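Structure record follows, encoded as structure tokens.
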Amino acid sequence: MRLTFLLLYLPCPALAATLLHNEGIATLPDGRVAYREMHWQRGATEGAERWVQYLCPDGQPFARKHMAATDRPLARGYRLLDQRSGQQADVEMSSDAVRISWKESASSTSRQARLPAPAGAVVDAGFDAAVRQHWTPLLQGAEVTLPFLVPGRQRFYPVKVSWRGANRWRGLAAQSFEVQLDTWYGGVAPRLSLVYAEADRRLLEFRGTSNLRDARGTYPAVVVRFDSPPAPQPDSQWQQAWARPLVAGCAVTAK
């Protein structure tokens with residue numbers, strides 16, 4: 001089964017665009033490294049096929065996510081597997097609906113749902129593309145409200161994005177944004193902040209709640225920083241990394 005899962009996402013070299021790679025480091029409030037995010041994408045377009053591998057602090061992979069190429073980068077489907085907790089997500093998008101299969105942990109029952117997709121729907125990493133899409137009105141002071149899918153709750157919630165000003169981020173000219181629920185739903189999506197490079201509008205820093213459960217079964221607060229822009233990498237490097245088996249024990253928040 002694992003081999004089949006891997007083979008489904010091996011690229012066709014004859015048709016493939018350049019493979020780009022960058023890395024994010026997620027740290028906890030006390031400064032310890034929680035995990036590393038290894039990102040690959042097939043070309044530089046917003047809708048390019050993408051893969052994310054999550055590594056323990058010691059470098060062992062414990063989770064992976066795949067996002068197929070799409071012409072709707074704000075609302076693309078994805079597949080996620082976290083071997084530590086057994087958390088799984090399979091989200092499929094169509095022109096007017098979304099199908100969700102969600103399993104919170106190895107001991108929980110998988111739940112399925114089919115929802116109508118609201119206008120302007122945003123799913124998972126599509127939020128990153130949405131910020132760039134609304135870049136100009138945001139910097140002009142507009143507050144943009146987007147319907148964001150929370151797969152564990154199997155519904156869309158309105159989230160509001162607002163600009164918080166220009167700043168310097170490790171020597172780079174940057175723009176800061178805040179994201180919060182447009183109304184109160186009992187802490188479903190706590191407030192988070194984002195920092196983007198002014199020159200190329202790439203994400204530099206995410207500060208908020210992780211989308212991965214930790215060793216205690218909670219979703220920890222993290223800061224994820226991306227120091228370097230995506231750079232070309234040989235397909236062989238990605239294939240070797242993606243083929244590594246996931247480990248079931250990564251105590252990312254152990255004291």
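The values are calculated or read from the model by the stated rules, or taken from the named source; none is laboratory data. Only a predicted model underlies this, so the values are computations on that prediction, with no experimental measurement involved. Note that we place each Cβ from the backbone using ideal geometry, even for glycine, and neighbour counts take in every protein chain shown. Please note that ligands, DNA and RNA were not included when accessible areas were found on the heavy atoms of the full protein model with its side chains. Shrake-Rupley method; radii C 1.70, N 1.55, O 1.52, S 1.80 Å.
Descriptive notes on the structure:
- Taking each residue of region 216-230 that is within 13 Å of GLU205 (Cβ to Cβ) and hydrophobic (A, V, I, L, M, F, W, C) and looking for partners that are at pLDDT 90 or above and part of a loop (DSSP other than H, G, I, E, B) with beta-carbon atoms closer than 7 Å, six or more apart or interchain, yields VAL222/LEU28; VAL222/SER210.
- In region 190-209, residue surrounded by the fewest Cβ atoms within 10 Å (Cβ to Cβ) [restricted to those that are of a type outside the set (A, V, I, L, M, F, W, C) and within 18 Å of GLY126 (Cβ to Cβ)]: ARG201
- Of the residues making up region 152-172, those that are modelled with pLDDT of 95 or more, open to solvent by 40 Å² or more (accessible area, probe 1.4 Å) and not in a loop (DSSP other than H, G, I, E, B) are TRP163, ARG164, ALA166, ASN167, ARG168, LEU172.
- The set of residues in region 73-111 that are in contact (Cβ under 8 Å) with a residue 40 or more places away in the chain and β-branched (Val, Ile, Thr) comprises VAL91, VAL98, ILE100.
- Pick from region 195-210, criterion assigned to a strand (DSSP E or B) and touching a helix residue (DSSP H, G or I) at 6+ places or on another chain (Cβ under 8 Å), ranking: nearest to TYR35 (Cα to Cα): LEU203
- Selection within region 216-225 - open to solvent by less than 70 Å² (accessible area, probe 1.4 Å) and not hydroxyl-bearing (Ser, Thr, Tyr): GLY217, PRO220, ALA221, VAL222, VAL223, VAL224, ARG225
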